[in-house]
Amino acid sequence: MSTPLRLGIAGLGTVGIGTVKIVQNHAALLARRTGREIAISAVSARSSTKNRDADLSSYAWEDDPVALATRDDVDVFVELMGGENGTAKTSIEAAIAAGKDVVTANKALLAVHGQALAEAAEAKGRVIRFEAAVAGGIPVVKALTEGLAGNEIRRVMGVMNGTCNYILTRMENAGLPYAEVFEEARQLGYLEADPNLDVGGIDAGHKLSLLASIAFGTKVSFDAVELEGIGRISIDDIRRAADMEFRIKLLGVAQMTGRGLEQRMSPCLVPADSPLGQLQGGTNMVVLEGDSVGQIVLRGAGAGEGPTASAVMADIVEIARGCRVSTFGQPATSLVDPVPARANAPAPYYLRMELSDKPGALAKVATILGEEGVSIDRMRQYGHADTDAPVLIVTHKTTRDAVDHAFKRLPATGVVIGDPVAIRIETV
């Protein structure tokens, strides 16, 4: 058998300990599948005395992750600390400079610094693998870089943040308002320390930007992702969408168009009977569309100790087998600067607004929509108080620009109360 592949693991939280357990519990299986032993040489974390539900006594301890990354007895530096900058970045840079391969679950760091790190690694003949950074246990990075390598990718789409999907499905199933379910998710420990990373769409936007780079051969461009979170989604939106046989999801979509690369992470309505519509709880789903293969749907656990550690180990096994895939599926120096394009492909829209209970109110709204090229497909008016009338409209295909232009004109009618809401309806 070949020489062992020696790991240095920085970060012993949920995912780090999950990775240690897989190495310990499946040592023989991993050796059979790779043809060599996979062994942990050393570990690092903030505290060496914390009880971590795993035996770490046979591993060297490094207080400094940079020292761990440059040890002579480490072949692969496994970065599981997290953070866009700071120690995570400096330790990965040190590992690359020292000629180590890198496995990471750090989507925020790669979304911002992925291009520079990939170029540095590839100049050294090293690899950076990040399956665990996108959609937890779902092998979507390998699907794009390997399984679908013979396809021109047309579209990448999916639910990539389990916390948001939990909140939206919990609101629907329990009939609870957003604020109450948000607090419930916080108490359960589902939210990041900065909750806006989850509910603001930032975490999922990081993931989408990484997949878009692989799919379309562009440099990672997280800054160009159009982000809208789920904070404005009301229980009434969810109920009324259900009345029209839709469900609301925080949906990421990336596609290359004649105008450039569209990347958006925003609430969308999807058909209730579609694969995305049926997605419940914290589960993730990624839909990939290629010119030869058609549509592929990948579904699974998007977070948690076991699923994410499984993805980390998949990358380690790939390295142990001698697979040397470029970070983003092709040499980093060949990736092109994307031309960002606002997502404005025509689609149906769900419009919600409150109208004053006055004669002709609905006609005034319909006239403005029509003048801006927004055609009404279906409309429902719900029971209301004396002063306002909740109205739901589903449009025929139109552009977001047309909807926005109509919305700017609505206040002048004097019949619209508050801010109307527009949510794109995505075909799946």
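The values are calculated or read from the model by the stated rules, or taken from the named source; none is laboratory data. Quick caveat, the model's predicted, so the values are computed rather than measured. With ideal geometry, Cβ positions are generated from the backbone for all residues, glycine too; neighbour counts draw on all protein chains shown. Just so you know, the surface numbers come from the protein's heavy atoms only, side chains and all, with ligands and any DNA or RNA stripped out. Shrake-Rupley method; radii C 1.70, N 1.55, O 1.52, S 1.80 Å.
Evaluating Gly125 against the criteria (1) assigned to a loop (DSSP other than H, G, I, E, B); (2) open to solvent by less than 20 Å² (accessible area, probe 1.4 Å); (3) over 28 Å from Leu269 (Cβ atoms) leaves one unmet condition, (2). Could you please let me know if Val112 is of a type in the set (Val, Ile, Thr) and over 18 Å from the mean Cα position of the chain (by Cα)? Spelling it out, it is not the case that Val112 is of a type in the set (Val, Ile, Thr) and over 18 Å from the mean Cα position of the chain (by Cα). Can you find a residue that is closer than 30 Å to Arg33 by Cα, charged (D, E, K, R) and modelled with pLDDT of 95 or more anywhere in the range 242-253? No: zero hits. You will find that of Ala60, Ala98, Ala88, Ala133, the residue that is buried (at least 18 other Cβ atoms within 10 Å of the Cβ), in contact with a Ser or Thr (Cβ under 7 Å, 6 or more places away or on another chain) and not acidic (Asp, Glu) is Ala133 and no other. Within the range 284-317, the set of residues being open to solvent by 10 Å² or more (accessible area, probe 1.4 Å) and either free of Cβ contacts under 8 Å to residues at least 40 places away in the same chain or among the charged types (D, E, K, R) (or both) comprises Glu289, Asp291, Gly294, Gln295, Val297, Arg299, Glu305.
Restricting attention to the range 358-383, the residues being within 21 Å of Lys408 (Cα to Cα), open to solvent by 80 Å² or more (accessible area, probe 1.4 Å) and either at pLDDT below 90 or under 31 Å from the mean Cα position of the chain (by Cα) (or both) number 2.
Quick grid of which residues meet (1) within 16 Å of Ala347 (Cβ to Cβ); (2) open to solvent by less than 10 Å² (accessible area, probe 1.4 Å):
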position: Lys219; (1), (2): no, no
position: Ile230; (1), (2): no, yes
position: Val253; (1), (2): yes, yes
position: Gly258; (1), (2): no, no
position: Gly282; (1), (2): no, no
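All conditions in (1) touching a residue at least 40 places away in the same chain (Cβ under 8 Å); (2) touching a strand residue (DSSP E or B) at 6+ places or on another chain (Cβ under 6 Å); (3) under 22 Å from Ala314 (Cβ atoms) hold for Pro65, with the sole exception of (3).
Just one of the listed residues (Ala204, Ala133, Ala118) is more than 17 Å from Gln263 (Cα to Cα), within 11 Å of the chain's Cα centre (by Cα) and touching a residue at least 12 places away in the same chain (Cβ under 8 Å), namely Ala133. Only residues that are at positive phi and open to solvent by 30 Å² or more (accessible area, probe 1.4 Å) were counted across the range 176-204, and they come to 1.
Within the range 205-212, does at least one residue satisfy the condition of being open to solvent by 20 Å² or more (accessible area, probe 1.4 Å) and out of contact with any His (no Cβ under 9 Å at 6 or more places or on another chain)? Checked the range 205-212: no residue is open to solvent by 20 Å² or more (accessible area, probe 1.4 Å) and out of contact with any His (no Cβ under 9 Å at 6 or more places or on another chain).
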